[in-house]
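Undergrad: The structure follows.
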Amino acid sequence: MVKRQHKIMCLVLCLMLAVSTVFVGAVSAFAATGDTVYVRVNNGWSNVNCYMWSNGLGNNASWPGKAMTKVEDGVYSYTLDKDYTMVIFNNGSQQTGDLTYPGHGKIYDLSKGTWSDYEGAPTQGTTAQTPTSATTATTATTPTQGGDGTTVYLNNEAGWATPVVYMWNGSADSNGSWPGVKMTSIGGNIYQYTASKTYANCIFSNSGQSQTADLTAKDGYVYNNKTNEWSVYDTSPLQVTEFSADPASNIYTGTDVQLSATANNKSGATVSYKFSVTNAQGGTSTLSDFSAAKSVTWTPTVAGEYTITFDFKDSDGNTNSRTMTLEVKDDSTLAKPIIKSVTPANLNLIKVNSTATVTVKAGGGKTGTNLLFYKYVVTDPNGAQNTPYYTLNNIYTFVPTMKGEYKVNVYVQGSDNSTVSKTYAYTATDDVTEPTTVVVPTTAPQPTTVQPTTAVQPTTAKPTSPQPTTVQPTTAPSRLRGDVDGDGEVTVMDSTYLQKSIVGLSDVPALETLDLTICDLDGDGSITIKDATIIQKIVVKLD
């Protein structure tokens, strides 16, 4: 009887173990320790953090979470240290909503707000192959150095004692057992490994400890285990030290993109630079042929994907090149406002006691009235600022009164109050040679007047705005709705007057003293920025 009870108990325990195994397996499929979550940063963020948690079980770090590791351009990853079910991506000030973590190898697109499979992710479980006892590189059953497959380099700035690399294409296709192959020191902090074939993914580690996230293996690139970034490992006599595009993402048609590059020759030979662009159909245009110029401005006019080619050559006969891919979008239906260019650009010189003109080219704002509003905050070298307010003018002038750096914060706002801003720095000096220092692009000539390009203010004719529907006493002349300043006309100054009153500036009467019948144009019983917008529509005769 006792033996039978033991058998029954064993059977029950086995069933419980099987059920628990299935349950744990189901949970870990969604949020298992060692899984990797990916995010595509294509919304303009310069950095990204990953905050993860499970209700009642804690989180991966205090807010804003863990900084994510760059896998490739625009893609970042984070490997879970515990089982989590929820995630928030953020840049410290902006964030997604609470997202349910869908499982290993998924990537979240910040621009689209959707999850999808990430092709660069390894098969689930490949990163969890760490043996219970450390396997040294000398005992790993792996091919030796000297293959003709993928070559990767490691910049061992983190000071690992034994750098190794594990490479794979799938769970059954790797360069050996975990933690991989010992890398060969080739001088300084640089270590090299060349596989016998091409592999898509890799993990660097200190003989299985302090491992990186799952990385896309980049042939001929070097990975820095301190900064967690890839860069080209350049062994050419003509070494490329930098090539970039500003902006590199969220580029829209008509946006000025600054392309820059730098290279040097160890012998001191003169370096020349060439910039060209190729569209998706294969057509190539030279933006700037070989010269000493290290930068050029490219303004795309058609949406699509473009390949930028940076070519280098020196007087010793050495050549080198780099490429990058940029996506250009159409802003014709974009609701959020964008700044495409500001002239003069950063670091341009302006002259003391002479008028400096700032011209803004913006886009988007396709919502509500489809109008864009501009505000300019000028800070002089002593920190003093002007009193800014929004206007329809995309051109702003100011007179620098002292030498030094002036900062101009440009704000562009849509009719739904969504706002974008950028800061530009100008240096005021006594001696400025015209016209080479303040260049206005030929595609956007500088107007001789400082009127908005989208709204022309009438000089004498009154706008054909509707008169009040209520009958005014015959003893008092009727006053136009929208004529906030009482000068007998509805002009852009009335909109400005109303906005200044709304924000409480002291040079206009307080908001509560304004006549509701004159200023409440949308009839909602209160005076708001919407009423100022309606005045602007009246001025430009929009329906």
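The values are calculated or read from the model by the stated rules, or taken from the named source; none is laboratory data. Nothing here was measured: the structure is a model prediction, and the numbers come from that model. Neighbour counts run over all protein chains shown; Cβ positions are idealised from the backbone, glycine included.
Undergrad: Quick check on the stretch 254-299: of everything there that is small (Gly, Ala, Ser) and touching a residue at least 40 places away in the same chain (Cβ under 8 Å), which residue is farthest from Ser332 (Cα to Cα)? Walk me through it before giving the result.
TA: So in the stretch 254-299, the residues small (Gly, Ala, Ser) come out as 254, 260-261, 263, 267-269, 272, 276, 280, 282-283, 285, 288, 291-293, 295.
With the extra rule that they be touching a residue at least 40 places away in the same chain (Cβ under 8 Å), the set shrinks to 254, 261, 263, 267, 269, 272.
Values: Gly254: 11, Ala261: 31, Ala263: 38, Ser267: 50, Ala269: 47, Ser272: 38 Å.
Ranking the candidates gives Ser267 first.
Undergrad: Follow-up question, since we're still on this one. Being over 16 Å from Asn348 (Cβ atoms) and either out of contact with any strand residue (DSSP E or B) (no Cβ under 9 Å at 6 or more places or on another chain) or in the same structural domain as Gly44 (by TED's automatic domain parsing) (or both) is the requirement here; does Asp416 meet it? Before you say what the answer is, go through the steps one by one.
TA: Working: over 16 Å from Asn348 (Cβ atoms): yes; either out of contact with any strand residue (DSSP E or B) (no Cβ under 9 Å at 6 or more places or on another chain) or in the same structural domain as Gly44 (by TED's automatic domain parsing) (or both): yes.
It is true that Asp416 is over 16 Å from Asn348 (Cβ atoms) and either out of contact with any strand residue (DSSP E or B) (no Cβ under 9 Å at 6 or more places or on another chain) or in the same structural domain as Gly44 (by TED's automatic domain parsing) (or both).
Undergrad: On the basis of being assigned to a strand (DSSP E or B), among the hydroxyl-bearing types (Ser, Thr, Tyr), in the same structural domain as Ala195 (by TED's automatic domain parsing) and modelled with pLDDT of 85 or more, does Tyr153 make the cut?
TA: Values: assigned to a strand (DSSP E or B): yes; among the hydroxyl-bearing types (Ser, Thr, Tyr): yes; in the same structural domain as Ala195 (by TED's automatic domain parsing): yes; modelled with pLDDT of 85 or more: yes.
The answer is yes for Tyr153.
Undergrad: Residue check, Pro400 against (1) outside any strand (DSSP E or B); (2) surrounded by fewer than 18 Cβ atoms within 10 Å (Cβ to Cβ); (3) over 23 Å from the mean Cα position of the chain (by Cα), all met but one. Which one?
TA: Evaluating Pro400 over (1) outside any strand (DSSP E or B); (2) surrounded by fewer than 18 Cβ atoms within 10 Å (Cβ to Cβ); (3) over 23 Å from the mean Cα position of the chain (by Cα) leaves (2) as the failure.
Undergrad: Against the definition (out of contact with any His (no Cβ under 8 Å at 6 or more places or on another chain) and not in a strand (DSSP E or B)), how does Lys112 come out, yes or no?
TA: yes
Undergrad: Restricting to the stretch 80-109, what's the tally of residues that are in a loop (DSSP other than H, G, I, E, B), modelled with pLDDT of 90 or more and charged (D, E, K, R)?
TA: Number satisfying all stated conditions: 0.
Undergrad: Being hydroxyl-bearing (Ser, Thr, Tyr), buried (at least 19 other Cβ atoms within 10 Å of the Cβ) and assigned by TED's automatic domain parsing to the domain that holds Leu154 narrows it down to one of Ser205, Ser185, so name that one.
TA: Ser205
Undergrad: Restricting to the stretch 325-371, count the residues that are closer than 30 Å to Met402 by Cβ and either basic (Lys, Arg) or without any contact (Cβ under 8 Å) to a residue 24 or more places away in the chain (or both).
TA: Step one: of the stretch 325-371, the residues closer than 30 Å to Met402 by Cβ are 339, 341-362.
Filter once more, so that each one left must be either basic (Lys, Arg) or without any contact (Cβ under 8 Å) to a residue 24 or more places away in the chain (or both): 351, 361.
Qualifying residue count, the stretch 325-371: 2.
Undergrad: Here's something else I'd like to know. Output the residue which, of all residues in the stretch 34-50 that are part of a loop (DSSP other than H, G, I, E, B) and of a type outside the set (Val, Ile, Thr), is surrounded by the most Cβ atoms within 10 Å (Cβ to Cβ).
TA: Applying the first criterion (part of a loop (DSSP other than H, G, I, E, B)) to the stretch 34-50 yields 34-35, 41-48.
After this cut, where a residue has to be of a type outside the set (Val, Ile, Thr) as well, the list is 34-35, 42-47.
Details: Gly34: 19, Asp35: 25, Asn42: 15, Asn43: 17, Gly44: 15, Trp45: 18, Ser46: 8, Asn47: 13.
Looking at residues that are part of a loop (DSSP other than H, G, I, E, B) and of a type outside the set (Val, Ile, Thr), I get Asp35.
This table checks each residue for (1) of a type outside the set (Asp, Glu); (2) touching a His at 6+ places or on another chain (Cβ under 7 Å); (3) farther than 22 Å from Thr212 by Cβ; (4) surrounded by fewer than 17 Cβ atoms within 10 Å (Cβ to Cβ).
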position	(1), (2), (3), (4)
Ser54	yes, no, yes, yes
Ala67	yes, no, no, yes
Val71	yes, no, no, no
Val87	yes, no, no, no
Thr96	yes, no, yes, yes
His104	yes, no, no, no
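Undergrad: Note down all Cβ pairs under 6 Å where the first residue falls in the stretch 164-175 and is free of Cβ contacts under 8 Å to residues at least 12 places away in the same chain and under 14 Å from Phe204 (Cβ atoms), the second is of a type in the set (A, V, I, L, M) and not in a strand (DSSP E or B), and they're at least six residues apart or on different chains.
TA: Going by the 6 Å Cβ cut-off, there are no qualifying pairs.
Undergrad: Residue by residue through the stretch 159-175, note down the ones that are surrounded by 19 or more Cβ atoms within 10 Å (Cβ to Cβ) and either farther than 18 Å from Lys218 by Cβ or assigned by TED's automatic domain parsing to the domain that holds Gly105 (or both). Spell out how you get there, then give the answer.
TA: First, pick out the residues of the stretch 159-175 that are surrounded by 19 or more Cβ atoms within 10 Å (Cβ to Cβ): 160, 163-168, 174-175.
The answer is Trp160, and nothing else.
Undergrad: Looking at this structure, is Thr333 part of a strand (DSSP E or B), surrounded by fewer than 16 Cβ atoms within 10 Å (Cβ to Cβ) and either in contact with a strand residue (DSSP E or B) (Cβ under 8 Å, 6 or more places away or on another chain) or at pLDDT 90 or above (or both)?
TA: Details: part of a strand (DSSP E or B): no; surrounded by fewer than 16 Cβ atoms within 10 Å (Cβ to Cβ): yes; either in contact with a strand residue (DSSP E or B) (Cβ under 8 Å, 6 or more places away or on another chain) or at pLDDT 90 or above (or both): yes.
It is false that Thr333 is part of a strand (DSSP E or B), surrounded by fewer than 16 Cβ atoms within 10 Å (Cβ to Cβ) and either in contact with a strand residue (DSSP E or B) (Cβ under 8 Å, 6 or more places away or on another chain) or at pLDDT 90 or above (or both).
Undergrad: A further question on this structure: Please verify whether Asn318 is in the same structural domain as Ala425 (by TED's automatic domain parsing), surrounded by 16 or more Cβ atoms within 10 Å (Cβ to Cβ) and under 24 Å from Glu242 (Cα atoms), treating the condition exactly as stated.
TA: The answer is no for Asn318.
Undergrad: Based on this model, can you work out whether Asn393 counts as within 26 Å of Val503 (Cα to Cα) and in a loop (DSSP other than H, G, I, E, B)?
TA: Numbers: within 26 Å of Val503 (Cα to Cα): yes; in a loop (DSSP other than H, G, I, E, B): yes.
Answer is yes for this residue.
Undergrad: Which one of these does Thr343 not meet: (1) buried (at least 19 other Cβ atoms within 10 Å of the Cβ); (2) in the same structural domain as Asn279 (by TED's automatic domain parsing)?
TA: (2)
Undergrad: I would also like to ask the following. What number of residues within the stretch 160-179 satisfy the criterion of being of a type in the set (A, V, I, L, M) and assigned to a loop (DSSP other than H, G, I, E, B)?
TA: Number of matching residues: 2.
Undergrad: If you check Ser77 against the conditions, is it of a type in the set (Ser, Thr, Tyr), within 30 Å of Gly220 (Cα to Cα), at pLDDT 70 or above and surrounded by fewer than 19 Cβ atoms within 10 Å (Cβ to Cβ)? Break it down into steps so the answer makes sense when it comes.
TA: Working: of a type in the set (Ser, Thr, Tyr): yes; within 30 Å of Gly220 (Cα to Cα): yes; at pLDDT 70 or above: yes; surrounded by fewer than 19 Cβ atoms within 10 Å (Cβ to Cβ): no.
When the stated conditions are applied, Ser77 does not pass them.
Undergrad: Filter the stretch 180-205 down to residues that are at pLDDT below 90 and in a strand (DSSP E or B) and give me whichever is nearest to Leu154 (Cα to Cα).
TA: Ile190
Undergrad: Within 21 Å of Asp35 (Cα to Cα), in contact with a Pro (Cβ under 8 Å, 6 or more places away or on another chain) and among the small types (Gly, Ala, Ser): is that true of Gly180 in this structure? Working first, answer last.
TA: Working: within 21 Å of Asp35 (Cα to Cα): yes; in contact with a Pro (Cβ under 8 Å, 6 or more places away or on another chain): no; among the small types (Gly, Ala, Ser): yes.
Taking the combined requirement at face value, the residue does not satisfy it.
Undergrad: Something else about it: Would you pick out the residues in the stretch 508-541 that are touching a helix residue (DSSP H, G or I) at 6+ places or on another chain (Cβ under 8 Å) and either touching a residue at least 60 places away in the same chain (Cβ under 8 Å) or in a helix (DSSP H, G or I) (or both)?
TA: Leu511, Cys519, Ile529, Asp531, Ala532, Thr533, Ile535, Gln536, Val539
Undergrad: Condition (residue is modelled with pLDDT under 85 and within 36 Å of the chain's Cα centre (by Cα)) applied to the stretch 164-172: is it met by at least one residue? Even if it seems obvious, please write down each step before you answer.
TA: Kept after step one, since they are modelled with pLDDT under 85, are these residues of the stretch 164-172: 171.
From what is left, the residues that are within 36 Å of the chain's Cα centre (by Cα) are 171.
Yes.
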